[in-house]
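Take a look at the structure set out below.
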Amino acid sequence: MATTSFEEQFDKRLAQDQTIEPKDWMPDNYRKTLIRQISQHAHSEVVGMLPEGNWVTRAPSLRRKAVLLAKIQDEGGHGLYLYSAAETLGVTRDELYDQLHTGKAKYSSIFNYPSLTWADMGAIGWLVDGAAIMNQVPLCRTSYGPYARAMVRVCKEESFHQRQGFEIMNTLAKGTEIQKKMAQDALNRWWWPSLMMFGPHDADSPNTEQSVKWRIKRMTNDELRQKFIDVTVEQTKVLGLEVPDKDLKWNAERGHYDVGPINWDEFKNVVAGNGPCNKERLDARRKAWDEGKWVRDAAMAYATKRKARANQATQAA
Ligand code: FAQ
C-alpha cells in the first residue's frame, strides 16, 4: 500500500475542502500565517472597542446606550474567540498581548481614527462593521477549523452591528438639517478608511496569493473591496447621502462601480503607527492591562486555592 507524506495529506484535505485541525500536520508557514492573521484580527476587535467606548456615556437615549454597550461587548467576545483560535496553533495569549502592548503587532488601520460625533457610531456600525462582515463571511469557510468556526458566530453578531449602524445613519439622515449634516460628515470621514480596511490592492499584497492557495483567504482584497463598494453605494442612495468621491461612477462594462484612487500613503502612515489615534489606542490598551492586574492575580489565587482544596479532598477520601 502506498504511503502518503504529511504534506500530501495536507494538500489533499485542502483540495477536498476539508478543514485543517489543531493536531493535524501543517506547513510551518501556514501556521505562521494563521497566527499572524488571527492575532491581528483579535487585536482589531479589542482595540476596535475603543472608538465606540468613547460614546457610551453620551448616547442620546437609554435604548441607544443599551444597544451600543451590547455591541461593544460583542466585539470583546470576538476578540476572545479569536485569541482562543490562535492559541490552538501553539502561541500563548500572554505572548499575543505582549506583541500588542509593545507595538509589534498590527491591528486594523481603521481603529486609529477618532470618533468625533454621535453620527460616527452610525458610520462605524454601517461602514466598519459592513466592511468587516464582507471580509468575514468568506472566512467562515477558511481552511483552519477553529478560525472558521469562530467566524460563524462572529458573523451573526456583525450582521446585527451593521444594521444598528445603518439604523442610526437612517434616523440622522432623515432628521433635521443639522442631523443630516452630521451623518454626511461622518460618511465623509469614514468612507476612505473603510475602503483601506480590505488591505492593499492585490498587486501590492504580499500575502494574498499564498493565502488563497492555502484557502485561508477565499477571496482577494480587491474582490472583497469591490463587493463592499457595490453594496454600500446603493445603501448610501437609500440614506439620501453622498459618497465623498467625485470619480465614483457605474461601469456598465464591468458591472461594478469604479472609485477614485485610494490614498495608500495615508494607509501606510497609519499602519506604521502615525495615524491620528495610534498612540491613544495603545496607551488605553496598556492602561487596561496594568489596571486589570489585580483581577488576574485574584483569579489565579482563587484557582490555586480551589485546586489545593480539591487535592486535599482527594487525599482525605
Ligand atoms: N490595517 O498582504 P496583505 C472589525 C497589513 S475586525 C492594518 O494583503 P493579508 C470588527 C497586513 O497585515 C477588522 N494592517 O495581508 C469590528 C500585512 O502586514 P504583515 C479586522 C493591514 O493578511 C468592527 C500587510 O498589510 N479584520 O472591524 C491592513 O493577506 C467595529 C500586507 O497586506 C480582520 O483582521 C489594515 N486594514 O490581508 C470591531 C479580518 N490591511 O502582517 C469593532 C481578517 C493589510 O505582513 C468595531 N484579516 N494590512 O506585516 C484579513 O482578512 C487579512 O489579514 C487582511 C489583510 C485582508 C486584513
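No value in this document is a laboratory result; all are computed from the given coordinates. None of the values given here were measured: they were computed from a predicted structure. Backbone-built Cβ (ideal geometry, glycine too); neighbour counts: all protein chains shown.
The table that follows gives values for the structure above.
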quantity	calculated
Reach of LYS174 by Cα under 22 Å, taken over lysines that are not fewer than 8 positions away in the same chain	LYS65, LYS237
Over 30 Å [Cα-Cα, the chain], rounded percent	40 percent
Order of TRP118, TRP264 - criterion: other Cβ atoms within 10 Å of each residue's Cβ, fewest first	TRP264, TRP118
Which of GLU209, GLU291 has the fewest Cβ neighbours within 10 Å, and the rest in rising order	GLU291, GLU209
Mean shadow area of segment 205-317, taken as a quarter of the surface of its Cα convex hull (nm²)	15.0 nm²
Note, ³J(HN,Hα) from phi for segment 221-231, Karplus 6.51, -1.76, 1.60, rounded to Hz, x at Gly and Pro	4, 5, 4, 5, 4, 5, 4, 4, 4, 4, 6
Note, ³J(HN,Hα) from phi for segment 165-177, Karplus 6.51, -1.76, 1.60, rounded to Hz, x at Gly and Pro	x, 4, 5, 4, 4, 5, 4, 5, 5, 9, x, 6, 4
Footprinting exposure proxy for GLU87, GLU45 (fewest neighbouring C-beta atoms within 10 Å first)	GLU87, GLU45
Cleavage-rule hits (trypsin sites (Lys or Arg not before Pro)) in segment 1-35: DSSP loop, at most 13 neighbouring Cβ within 10 angstrom	LYS23
Computed over segment 29-159, Kirkwood Rh from alpha-carbon pairs, angstrom	15.3 Å
CD proxy at 222 nm, helix term only [per DSSP H run n ≥ 4: -39500 (n - 2.57); per residue of the chain; nearest 500]	-20500 deg cm²/dmol
Largest-first ellipsoid semi-axes for segment 26-65, taking √(5λ) over the Cα gyration tensor eigenvalues, angstrom	37, 8, 4
Candidates per trypsin sites (Lys or Arg not before Pro) in segment 70-141, loop by DSSP, up to 11 other Cβ within 10 Å	LYS104
Radius 13 Å from Cβ of GLY273, net charge of other residues (Lys, Arg +1; Asp, Glu -1)	+3
Cut-off under 5 Å, modelled amide H: who pairs with ILE20 long-range	TYR144, GLY145
Packing-based order for 161-171, 54-64, using average beta carbon neighbours within 10 Å, highest first	161-171, 54-64
Phi to ³J(HN,Hα) by Karplus 6.51 cos²θ - 1.76 cosθ + 1.60 over segment 121-136, Hz, x for Gly, Pro	5, x, 5, 5, x, 5, 8, 6, 5, x, 5, 4, 5, 4, 6, 8
From the C-alpha gyration tensor of segment 1-73, square roots of 5λ in Å	45, 13, 7
Reachable aspartates and glutamates from LYS305, criterion Cα separation under 19 angstrom, eight or more residues apart if same chain	ASP297
Partners for LYS180 among aspartates and glutamates (Cα-Cα distance below 14 Å; same-chain residues under 8 apart left out)	ASP120, GLU167, GLU242
